[in-house]
There are 2 protein chains.
Amino acid sequence: MASLADNIERYLKSLLDQAREGMIEIRRAEIAQEFDCVPSQINYVLATRFTPEQGYVVESRRGGGGYIRILRLSWGSPPGLLQQICCSIGNEIGQEDAEALLGRLAEIGAISSRQEAMLRASLRMESRMLDPPWDGIIRASLLKAMLMVLFEEN
Amino acid sequence: MASLADNIERYLKSLLDQAREGMIEIRRAEIAQEFDCVPSQINYVLATRFTPEQGYVVESRRGGGGYIRILRLSWGSPPGLLQQICCSIGNEIGQEDAEALLGRLAEIGAISSRQEAMLRASLRMESRMLDPPWDGIIRASLLKAMLMVLFEEN
DNA sequence: CTGACTTTGACCTTTCCTGACCTTCGTCGG
DNA sequence: CCGACGAAGGTCAGGAAAGGTCAAAGTCAG
């Protein structure tokens, strides 16, 4: 059921969980061999699941002794979290960035996966109904409203 | 007479009953094959019988390893009340009706007064930015999304 | 007979995976 | 010094594998 890309993603994230400093260094060819796939599959996974929007930074070096380094970005202290998020949303936000943000929130446990699913579904419904530029503007305001209400525990 | 759509609906709901977490993940093509029908019949069933108003949220992903995920909302207690509210909102709602609804939710303690204030502010912003009929539609969508997320305990 | 609900199929979009070919970097022989 | 070579990683396009959309045709109760 889970695709190869999903499995590689999970594996890399589990490595990140174990690692201190939220950083790991891998050899592309090694990972590819472990999962019995072509090396460029690793690039695909990195490009689709480890973007800055999703909270990761990837650097690499070619040539002999080359490597790929993955950093997991962390948000600052919980007190200012909501403010940081709202700031990063801005006045408008694209569908992909919005969903990446939800994924990130779920990953750090700020929202449950059920809440993530519902917010995602809401955003998609809203997306289908509106055209640019309204969709981005409304999406941003919807997201901020929902997060504010959600984090206002009680 | 039980139509094919009815049978598929019953089947999916029985899967949901068995599943923990009130969530199942299916492959469209598989279900279609089990019922010997075209895959798009599954979309029809989902679109007509698993809507948010009926207490369900559907998420999906395309492409290789794609899936369809169905979540059943718990709606907390008392069962039915929030679902009724959600239904009563309909496809669109006026600014006044929406604010009245928020007032009632705050009165019965379903949301805090801070939450009420924030939602009210959000609704007013939408109103200023959108013209009929979009404003009513987006208002309804935002309200329903909020109810779904807020009353999803856990 | 008519309107609402079902069912189907043709065509579309998204996501995944691979393989051929390209670029960068270290190193080693001349 | 320096240029060829090997060992990384990068790019990109194409084909395959899902699921989505929409409108036309079918069915059925009233």
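Structure data summary
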quantity: Formal net charge of residues neighbouring B:Cys37 (Cβ-Cβ distance under 14 Å; K, R +1; D, E -1); calculated: -4
quantity: Cα-centre dipole for chain A with unit charges at Cβ (Lys and Arg positive, Asp and Glu negative), debye to 20; calculated: 280 debye
quantity: Electrostatic dipole magnitude of the protein assembly as shown [Cβ: Lys, Arg +1; Asp, Glu -1; Cα centre; debye, to 20]; calculated: 600 debye
quantity: Percent RCO, i.e. relative contact order, over chain A, from Cα pairs under 8 Å lying at least 6 residues apart; calculated: 19 percent
quantity: Shape metrics for segment A:1-59, restricted to C-alpha atoms - Rg then Dmax, Å; calculated: 11.1, 32
quantity: Gaussian network model of chain A, springs between alpha carbon atoms under 10 Å - residue of A:Arg104, A:Arg120, A:Arg20 with greatest fluctuation; calculated: A:Arg20
quantity: Rounded to whole Å, sorted largest first: equivalent-ellipsoid semi-axes of the protein assembly as shown, Cα gyration tensor; calculated: 36, 27, 17
quantity: Gaussian network model of chain A, Cα within-10 Å springs - most flexible of A:Asp36, A:Asp17, A:Asp135; calculated: A:Asp36
quantity: Rough spin-label spacing in nm, given labels placed 7 Å along Cα→Cβ, for A:Ser74 and B:Tyr11; calculated: 4.8 nm
quantity: Principal axis box of segment A:23-154, alpha-carbon based, largest edge first, Å; calculated: 52, 35, 25
quantity: Loop sites in segment B:65-154: GluC sites (Glu not before Pro), DSSP, at most 15 other Cβ within 10 Å; calculated: B:Glu153
quantity: Relative contact order [Cα under 8 Å, 6+ residues apart], segment B:81-150, whole percent; calculated: 49 percent
quantity: Selected from B:Leu16, B:Leu102, B:Leu130 as most flexible by GNM, with chain B as the system and alpha-carbon contacts under 10 Å; calculated: B:Leu130
quantity: Position B:Glu34, label points 7 Å along Cα→Cβ, spacing to each other copy in nm (shortest first, one decimal); calculated: 3.5
quantity: Quarter of the Cα convex hull surface for segment B:29-77, i.e. its orientation-mean projected area (nm²); calculated: 4.0 nm²
quantity: Cα-derived Rg over Rh, computed across segment B:81-150 with Rh taken as Kirkwood radius; calculated: 0.94
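Values in this text are rule-based calculations from the coordinates and carry no lab data. Here the structure is a predicted model, which means the values were calculated and not measured. Cβ coordinates were reconstructed from backbone atoms using ideal geometry, including for glycine residues, and neighbour counts include every protein chain displayed.
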